[in-house]
Each structure stands twice: as structure tokens, then as C-alpha cells.
Amino acid sequence: TIESSTISGNAASDQGGGIRVESSDSTLVIRDSTITDNDSTADSGADGIHNSSTGLITLQNTIVADNDTNSAGVDCSGAITSNGFNLDSDGTCSLGAGGDIPNGAADLGPLAVLLVSCAVASMPAARRDSASRRRARTSSV
């Protein structure tokens, strides 16, 4: 199981720049995750998720988007099952369950910006206020 994770910026010389499943007895559940900006130099298969077997890959509440860094790339290839509320940017992930968005625009921002926003949002209010007061005093000098 992959849960609450980001798989991004990976490259492979074969299919599955982000994730590749090869074993027919494999079961992989991807939940509450984002798979983006992965690349494979293979002429076939996917840049994001590639299932080259009869194994089971299930997506739930997951974004698979913008894994096409070359003109031939796709987000998914092979058998993918949806448990709903997924988005893929090119319609290759076989999404059809409730809440799914095939061919959707993910509009993902840079990961670093998201991390900074999360760090500030999780900062205690007193500490955020103190930092704001210091900046205000410094800028008025």
C-alpha cells in the first residue's frame, strides 16, 4: 500500500517511471497520493504507473497527472482499477468509478511551495504573530 505519498521526478529506462508492477501475484493499493512528473524513455508503457502483469493496482483518491515529459508518454498503462475520487490528466488510467475525473487538469504547483505553505500553516499562532510583528518593526525602520 502506498498512502498519503507523492511520487515525483523519477526516471526509468523502461516502462513505469513512477511505479512499475511486474509480478502477477502483486496487489498494490495507492490511496490519497499524487504521482506526477515521472518519465520513462521506453517507446511503450507509461511514465506514471505501468502494470506489466496481471497483478492488481487499485487507485483511490489519487492524482496521476502530467507524467508526459515526452510526446509519447502516458500516465497509466496496463490494468488499473479505480475505487473512486481519482484524477488522471490524459484518460489512460481507466477511471470510471464515482467521483473520478479522467482527462482532468490537476493544476499542480511546485512541491517546494506546497511544503512551505504547510509548514507555515502548522506553525503555532503565537509564533506566526511574533514573526509578523518582527517583520513589521524591521520594515518600518
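Quick rundown of the values:
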{"item": "Scope the stretch 67-104; condition of a type in the set (A, V, I, L, M, F, W, C) and either more than 15 Å from the chain's Cα centre (by Cα) or assigned to a loop (DSSP other than H, G, I, E, B) (or both); matching residues", "result": "72, 74, 79, 80, 85, 93, 95, 97"}
{"item": "Residue check, residue 41 touching a Ser or Thr at 6+ places or on another chain (Cβ under 9 Å), surrounded by fewer than 23 Cβ atoms within 10 Å (Cβ to Cβ) and within 21 Å of residue 102 (Cα to Cα)", "result": "no"}
{"item": "Residue list for the stretch 11-38, restricted to those being among the polar types (S, T, N, Q) and surrounded by fewer than 13 Cβ atoms within 10 Å (Cβ to Cβ)", "result": "13, 23, 24, 27"}
{"item": "Tabulated pairs, the stretch 34-60, first closer than 23 Å to residue 107 by Cα and touching a residue at least 60 places away in the same chain (Cβ under 8 Å), second open to solvent by 60 Å² or more (accessible area, probe 1.4 Å) and in a strand (DSSP E or B), C-beta under 7 angstrom, 6+ apart or interchain", "result": "34/6"}
{"item": "Subset of the stretch 44-63 [of a type in the set (Ser, Thr, Tyr), farther than 11 Å from residue 2 by Cβ and open to solvent by less than 40 Å² (accessible area, probe 1.4 Å)]", "result": "53"}
{"item": "Within the stretch 1-10, considering residues that are of a type in the set (Val, Ile, Thr) and in contact with a Ser or Thr (Cβ under 6 Å, 6 or more places away or on another chain), the one least open to solvent (accessible area, probe 1.4 Å)", "result": "2"}
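The values are calculated or read from the model by the stated rules, or taken from the named source; none is laboratory data. All values reported here derive from a predicted model rather than from experimental measurement. Counting neighbours? That spans all protein chains shown, and the Cβs are built from the backbone with ideal geometry, glycine included. Ligands, DNA and RNA are excluded from the accessible area calculation, which covers all protein heavy atoms including side chains. Shrake-Rupley method; radii C 1.70, N 1.55, O 1.52, S 1.80 Å.
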